[in-house]
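Asker: A single structure is presented below for examination.
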Amino acid sequence: MTSNRSASSQHLSDLARLRRVRDRIDREYAQPLDVEALARGVHMSAGHLSRQFRLAYGESPYSYLMTRRIERAMALLRRGDLSVAEVCFAVGCSSLGTFSTRFTELVGMPPSAYRREAARATAGMPSCVAKQVTRPVRNREAPTPEPHIA
């Protein structure tokens, strides 16, 4: 019985630490963050944090971070006053190529195309509604075009 309580107590402690990591990512998404730094902040090893985070939230800490960055990038691109490169760096990405690849995976189109489309699609829409209807899909679930057989 004591070992069950101990395991349960450890599990609850891990969940609290995972929430702190997720909250930190949500707050500091534009800062340079890596799994090692996140793990140090909650006194876990990087491997343990990654495994437990994936079990709790269905994706790795890095994937969660990139999703937050892409969500923010989408909002900045909808505004239309920043270039794709400016948006990339504003959300904390250091590589335009990685940013564009991840953006395309999550959103289903490159950032430059999204900027053009979003301006038309959300014209006249309140920003709070635009944010909700344009939220990216996680884990590469963006619809892929069906192959055309000629």
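Here's the yes/no breakdown for (1) basic (Lys, Arg); (2) assigned to a helix (DSSP H, G or I); (3) outside the structural domain of residue 126 (by TED's automatic domain parsing):
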site	(1), (2), (3)
9	no, yes, yes
12	no, yes, yes
19	yes, yes, yes
30	no, no, yes
36	no, yes, yes
39	no, yes, yes
44	no, no, yes
48	no, yes, yes
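Asker: Inspect all residues belonging to the stretch 58-69 and state whether any of them is under 30 Å from residue 115 (Cβ atoms), of a type in the set (A, V, I, L, M) and out of contact with any strand residue (DSSP E or B) (no Cβ under 6 Å at 6 or more places or on another chain). Step through it out loud before you land on a result.
Answerer: At the first step, the residues of the stretch 58-69 found to be under 30 Å from residue 115 (Cβ atoms) are 58-69.
Now drop any that are not of a type in the set (A, V, I, L, M), which leaves 65-66.
Then drop every residue that is not out of contact with any strand residue (DSSP E or B) (no Cβ under 6 Å at 6 or more places or on another chain), which leaves 65-66.
Yes, the stretch 58-69 contains at least one residue that is under 30 Å from residue 115 (Cβ atoms), of a type in the set (A, V, I, L, M) and out of contact with any strand residue (DSSP E or B) (no Cβ under 6 Å at 6 or more places or on another chain).
Asker: For residue 93, work out the one condition from (1) within 23 Å of residue 110 (Cα to Cα); (2) part of a helix (DSSP H, G or I) it doesn't fulfil.
Answerer: Result: residue 93 passes all but (2).
Asker: I'm told residue 88 meets every condition in (1) farther than 21 Å from residue 26 by Cβ; (2) modelled with pLDDT of 95 or more except one. Can you identify the failing condition by its number?
Answerer: All conditions are met except number (1).
Asker: Still on this model: Assuming residue 55 fulfils every condition listed in (1) touching a residue at least 24 places away in the same chain (Cβ under 8 Å); (2) of a type outside the set (Phe, Trp, Tyr); (3) assigned to a helix (DSSP H, G or I) apart from one, which condition is it?
Answerer: Of the numbered conditions (1) touching a residue at least 24 places away in the same chain (Cβ under 8 Å); (2) of a type outside the set (Phe, Trp, Tyr); (3) assigned to a helix (DSSP H, G or I), the odd one out for residue 55 is (1).
Asker: Let me ask something additional. Exactly one of these conditions fails for residue 78: (1) surrounded by 15 or more Cβ atoms within 10 Å (Cβ to Cβ); (2) at pLDDT 95 or above. Give me its number.
Answerer: For residue 78, the exception is condition (2).
Asker: Restrict the check to the stretch 53-75 and report whether at least one residue is over 16 Å from the mean Cα position of the chain (by Cα) and surrounded by 20 or more Cβ atoms within 10 Å (Cβ to Cβ). Break it down into steps so the answer makes sense when it comes.
Answerer: Pass one, the stretch 53-75, residues over 16 Å from the mean Cα position of the chain (by Cα): 55.
Okay, now just the ones that are also surrounded by 20 or more Cβ atoms within 10 Å (Cβ to Cβ), so none.
No - not one qualifying residue is present in the stretch 53-75.
Asker: Exactly one condition in (1) at pLDDT 95 or above; (2) surrounded by fewer than 17 Cβ atoms within 10 Å (Cβ to Cβ) is false for residue 21; which is it?
Answerer: Result: residue 21 passes all but (2).
Asker: Of all the residues that make up the stretch 97-150, how many are assigned to a loop (DSSP other than H, G, I, E, B) and modelled with pLDDT of 90 or more? Let's see the steps before the verdict.
Answerer: At the first step, the residues of the stretch 97-150 found to be assigned to a loop (DSSP other than H, G, I, E, B) are 108-110, 122-126, 134-150.
Still in the list and also modelled with pLDDT of 90 or more: 108-110.
Matching residues across the stretch 97-150 total 3.
Asker: Further question on the same structure: Do we find that residue 115 is closer than 25 Å to residue 22 by Cα, outside the structural domain of residue 29 (by TED's automatic domain parsing), surrounded by 15 or more Cβ atoms within 10 Å (Cβ to Cβ) and touching a Gly at 6+ places or on another chain (Cβ under 9 Å) in this structure? Break it down stepwise before answering.
Answerer: Values: closer than 25 Å to residue 22 by Cα: no; outside the structural domain of residue 29 (by TED's automatic domain parsing): yes; surrounded by 15 or more Cβ atoms within 10 Å (Cβ to Cβ): yes; touching a Gly at 6+ places or on another chain (Cβ under 9 Å): yes.
In short, no.
Asker: Looking at (1) within 22 Å of residue 124 (Cα to Cα); (2) free of Cβ contacts under 8 Å to residues at least 60 places away in the same chain, which is the one condition that is false for residue 71?
Answerer: (2)
The values are calculated or read from the model by the stated rules, or taken from the named source; none is laboratory data. As the structure is a prediction and not an experimental result, all values here were calculated from the model. Note that each Cβ is placed from the backbone with ideal geometry, even for glycine, and that neighbours are counted across all protein chains shown.
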